[in-house]
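Questions regarding the structure given below will be posed in turn.
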Amino acid sequence: MSAYDLLIAPFMDYGFMRRALVACLCLALGAAPIGMFLSMRRMSLMGDALSHAVLPGAAIGYLIAGSLSLTAMGIGGLVAGLSVALLAGVVSRMTVLQEDASFASFYLISLAVGVLIVSLRGSNIDLLHVLFGTILAIDNNALILMGVITSVTLVALAVLYRPLVIDCFDPGFLRAVGGRGPLIHALFMLMVVLNLVASFQALGTLMAVGLMMLPAAIAQLWARTLPAMLAISVATAFISGYAGLIISYHLELASGPTIIVSAAALYVASLVVAPSGVMSRYIRRPHLAN
Amino acid sequence: MTNATFAAPAIALENVTVTYNRHPAVHHVSGALTRGSLTAIAGPNGAGKSTLLRAIMGELKPAEGQIDRAIPSRDYGYLPQAADINRRFPVSVIDTVVTGAWKRAGAFGGIGKAERQKASEALVAVGLEGFEARPIGSLSAGQFQRTLFARLLLQDASVIILDEPFTAIDSRTTQDLIDIVLRWHGEGRTVVAVLHDHEQVRAHFPQTLLIAREMIGWGPTEEVMTAQNLRRAQALAERWDDNAPVCEVSA
């Protein structure tokens, strides 16, 4: 088997592979930077919680559309994710519960309700699709939705970069200079939900954060500055997507999990060899004079 | 600067009471920070010093009374106590200082060479020349406090509010930073700082507000920081009485 057969032919031969690759590119460009900021805001697990919150909306979209219409499920997921993010914010402001605690409650409720709704009408296969995604079934409409979400995310990140960064490391300062931290936070959460909806199409509700959080973790092991981290997270997310598609194609594995496993392999390798990884602790280098 | 403008208040407090769960942390405090004044706020722990500053910043709403700001609070430079800063965030010293240009650049405006130049000069002024590219996580406590002062320099604020700026800072750094505070005073800015070191207060601060929830004294430092006043301040009961009656002092 030539390198062409191995690495390129699957995408030349099959439209669904091409669409899957473009979907991975969208996720890498949009979701990975968002994951980077989530991680910087110490909200890694909140992203996970939110991804489950998308489920009941997607399930209702599925019920209404009758089949696995990714557009209907996307819109439903968007509404559900935003509602949970909003409700969790309101609950943490109105009661003694911290935002993470109210998020945990809401995502458990959402996950349970979502699975119930899917099981009302659908088969176990449908449930599997909802939970683990159908990256090879992405149609043109779904791809357009993902492309729009990625474009909106990149523009929003470019516009909001400065207040977002300041809000990450010194929220008190942003408040003091009248920088509207809560508005920035709300817009950021909106971007998180949008990207989860995009990611949900490809990787399902259980692994939607995979291409957000794993690349973010990898980037932090390699880089010291935020721009470098953002670049590395995008690159590793796309490499994971490409490698996952190729491997799953040749070995006839499920694509979504293979993509995440590829990212996980990069993560484990980085844990060991990256400058901030485990190995650096055991390589003794003589200290400097000054 | 003429006497008339000196007497004009930058911030006036009128019978201000700030509460947590209805218990007063600042109780019936009245007075004014005059324009261009250099004021120390002294008092024991739990006396409501930080609470008062946060009320002045507008972060806390007084339960009673009024704070009149002749200078709007967006023109205040505020250094909170143990600032809520994520020191592990991958941002450099110079980028941290440049955020002080917010008033001019806002969220979206460009930050040009001029601002970068000013930021570098501010770093020189606080004795951190050559630290531009260092990540903030690698700084010592003193170096980080110097960085925050450099940012205040860049902010170019008319009112500067410092909450225990010299806590856990060595004497040389403290002296450098006090020099900056005196420079601000010389430039006619209104400066107010919470301080615990009474010697610092007496040596450098013409005005003092001594507070122990209630106001003990507010005026020229030598008149306020008397042995008798300090004893009164120390006598502050820190514990709340859970069954405290409603305060009857009229507004």
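What follows is calculated from the coordinates using simple rules that are stated; it is not laboratory data. Worth saying up front: this structure is predicted, and the values here are computed from it rather than measured. No Cβ is skipped: glycine too gets one built from the backbone with ideal geometry, and neighbour counts run over all protein chains shown.
Whole Å is fine, so just give me how far the alpha carbon centre of the stretch A:161-184 lies from that of the stretch B:19-88.
20
Could you work out the helix-only [θ] at 222 nm for chain B, with each DSSP H run of four or more residues adding -39,500 (n - 2.57) and the total divided by the number of residues, to the nearest 500 deg cm²/dmol?
Counting only the DSSP helices, I get -9500 deg cm²/dmol.
Something else now. Counting only C-alpha contacts under 8 Å and six or more residues apart, can you give the relative contact order of the stretch B:103-212 as a whole percent?
23
Moving on. Running a GNM on chain B with Cα contacts under 10 Å, which residue among B:Leu210, B:Leu236, B:Leu153 ends up with the highest mean-square fluctuation?
Among B:Leu210, B:Leu236, B:Leu153, the largest mean-square fluctuation in the Gaussian network model of chain B belongs to B:Leu236.
I've got another one for you. Given Cα pairs under 8 Å that are at least 6 residues apart, what percent is the relative contact order of chain A? If you can, show how the numbers build up before the last one.
Values: 431 pairs, mean separation 77.8, N = 290.
Worked out over chain A, it gives 27 percent.
Relative contact order of the stretch A:152-271, please, whole-number percent, based on alpha carbon pairs below 8 angstrom and at least 6 residues apart.
Averaging sequence separation for qualifying contacts and normalising by length gives 19 percent for the stretch A:152-271.
Still on this model: Could you work out [θ]222 nm for chain A from helices alone, using -39500 (n - 2.57) per DSSP H run of at least four and dividing by all its residues? Round to the nearest 500 deg cm²/dmol.
Counting only the DSSP helices, I get -28000 deg cm²/dmol.
Step by step: find N for chain B, compute 2.2 N^0.38 Å, then divide the Cα radius of gyration by it. What's the final number?
1.05
Taking the Cα centroid of the stretch A:118-140 and of the stretch B:187-245, what is the distance between the two, rounded to the nearest whole Å?
Using only Cα atoms to place each centre, the spacing works out to 67 Å.
Going 7 Å from the Cα of B:Arg202 along its beta-carbon direction, which residues of the stretch B:152-196 have the amide nitrogen within less than 19 Å of the resulting point?
Under 19 Å, as judged by backbone N against the label point of B:Arg202, lie B:175, B:194-196 of the stretch B:152-196.
Sticking with this structure for a sec: Note the full-extension length gain between A:Ile8 and A:Val268 as 0.36 nm times their separation in residues minus their Cα-Cα distance, in nm to one decimal.
Values: separation 260, 0.36 × 260 = 93.60 nm, distance 2.64 nm.
Value of the extension gain: 91.0 nm.
To continue, here is another question. For labels at B:Glu64 and A:Leu45 in the simple 7 Å Cα→Cβ model, what's the distance in nm?
4.4
Still on this structure, please answer the following. Once you mark the trypsin sites (Lys or Arg not before Pro) that are in a DSSP loop and have at most 15 other Cβ atoms within 10 Å, what is the longest gap between them in chain B?
B:89-238
Excluding the sites themselves, what is the longest stretch of chain B that contains no chymotrypsin sites (Phe, Trp or Tyr not before Pro) in a DSSP loop with at most 15 other C-beta atoms within 10 Å? Mind dumping the intermediate values first?
Working: sites that count: B:Phe108, B:Trp240.
Counting at most 15 other Cβ atoms within 10 Å as exposed, the longest clean stretch of chain B is B:109-239.
Distances longer than 15 Å among the Cα atoms of the stretch B:49-95: what percent of all pairs is that? Write out the running numbers ahead of the final one.
Values: 615 of 1081 pairs.
Tail of P(r) above 15 Å: 57 percent of Cα pairs.
Right, here's the next one. Rg and Dmax of the protein assembly as shown, Cα atoms, in Å?
Taking only Cα atoms of the protein assembly as shown, I get Rg and Dmax of 28.3, 93 Å.
Rounded to whole Å, give me the distance from the Cα center of the stretch A:2-64 to that of the stretch A:204-262.
The two parts, judged by their Cα centres, are 9 Å apart.
Moving on. How far, in nm, would the chain grow between B:Arg104 and B:Asn21 when pulled straight, counting 0.36 nm per residue and subtracting the alpha carbon separation?
Taking 0.36 nm per residue and subtracting the Cα distance, the gain is 26.1 nm.
Using a Gaussian network model on chain A with a 10 Å cutoff between Cα atoms, which of A:Pro227, A:Pro215, A:Pro56 fluctuates the most?
Comparing A:Pro227, A:Pro215, A:Pro56 in the GNM, the peak value goes to A:Pro227.
What ranking of A:Ser123, A:Ser110 emerges when the number of other C-beta atoms within 10 Å of each C-beta is taken as an exposure proxy, fewest first? Working shown, then result.
Working: A:Ser123 10, A:Ser110 25.
Taking fewest neighbouring Cβ atoms as first place, the list is A:Ser123, A:Ser110.
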